[in-house]
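The values are calculated or read from the model by the stated rules, or taken from the named source; none is laboratory data. Keep in mind that this is a model prediction, so the values were computed, not measured. Glycine gets a Cβ as well: all are built from the backbone with ideal geometry, and neighbour counts include every protein chain shown. Calculation scope for accessible area: heavy atoms of the full protein, side chains included, ligands and nucleic acids excluded. Shrake-Rupley method; radii C 1.70, N 1.55, O 1.52, S 1.80 Å.
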Amino acid sequence: MAIYHSAIFDSLRNKLANTVLYKKGPDGIIRTRPAKVKNPRTEEQQKQRARMGAAIELSRRFAPIITTGFCNRPIRLTAYNMFTKLNVANIAVDDQFQATPDFKKFIVSDGVLAAPKVSAEKSSSLINFTCTPQAADGLSAGDDVIYAGIYEEELKTARLHKIGTRAEGASSSFEYPENWKSDKMHIYVFAVSRSKKRTSPTVYFS
């Protein structure tokens, strides 16, 4: 609280932000009220921060895949922004604020092209991909390029592998590093138009 004597402030009887001005006898009084403090650390806010933090970190790990999978993104967004936006809801956070991604639901491409018809089989050192030829239509073209993105969750590393084009019915193999574990790998397949202006939804293989 403060007492003031001022011709300018003498007639003031009002509240400004958390400051109250009023008259008491011959004196003008200024008193401040404590501002309302909103708790920015509620449990749900902390969980959302943990979820966002995990999504941003994973976007960096998935960079070799998503820079191609999101090549048709809006100009104002980066591939990392797109990944975070589309996948933050696919990350669960427990009461200890530990994040657990649901890799099966991850989106690494997003578009209107027809999804590619591909099979994927793992061996001791290879992932073998086989494409079924697809006829061109309004949502696909023979020269659409089919890609596989492979992510190893324990090592937190990713690779992008070109399988072939839609019309070829191509077969291709990806030889993964010796320190990769087959049960820790997640495979994402998608198509990209030759112009790189359109992509397909993501097809997942465990």
Residues of the stretch 162-206 being touching a residue at least 40 places away in the same chain (Cβ under 8 Å), of a type in the set (G, A, S), within 19 Å of Q134 (Cα to Cα) and surrounded by fewer than 16 Cβ atoms within 10 Å (Cβ to Cβ), which ones? S171
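Of all residues in the stretch 123-147, which are assigned to a strand (DSSP E or B) and within 23 Å of I107 (Cα to Cα)? Working first, answer last.
Taking the stretch 123-147 as the starting set, the residues that turn out to be assigned to a strand (DSSP E or B) are 126-131, 137, 140, 145-147.
Passing the criteria: I127, N128, F129, T130, C131, S140, V145, I146, Y147.
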At pLDDT 90 or above and in contact with a strand residue (DSSP E or B) (Cβ under 9 Å, 6 or more places away or on another chain) - does that describe any residue in the stretch 24-36? no
Quick one: S109 ticks every box in (1) of a type in the set (G, A, S); (2) within 17 Å of I65 (Cα to Cα); (3) in contact with a Lys or Arg (Cβ under 8 Å, 6 or more places away or on another chain) bar one, so which box is it? (3)
Residue hits (the stretch 101-125; surrounded by 13 or more Cβ atoms within 10 Å (Cβ to Cβ) and more than 20 Å from the chain's Cα centre (by Cα)) are L113, A114, A115, P116, K117, V118, A120, K122, S125
Enumeration of residues in the stretch 39-88 that are touching a strand residue (DSSP E or B) at 6+ places or on another chain (Cβ under 6 Å), open to solvent by less than 20 Å² (accessible area, probe 1.4 Å) and under 14 Å from G111 (Cα atoms): G69
Looking only at the stretch 163-206, filter to residues that are in contact with a helix residue (DSSP H, G or I) (Cβ under 9 Å, 6 or more places away or on another chain) and of a type outside the set (S, T, N, Q); which one of those is farthest from E121 (Cα to Cα)? K196
Looking at T132 and the list (1) in contact with a Leu (Cβ under 6 Å, 6 or more places away or on another chain); (2) free of Cβ contacts under 8 Å to residues at least 60 places away in the same chain; (3) not hydrophobic (A, V, I, L, M, F, W, C), which single condition is not satisfied? (1)
Name every residue in the stretch 89-100 that is small (G, A, S) and either open to solvent by less than 50 Å² (accessible area, probe 1.4 Å) or part of a strand (DSSP E or B) (or both), in order of residue number. A92, A99
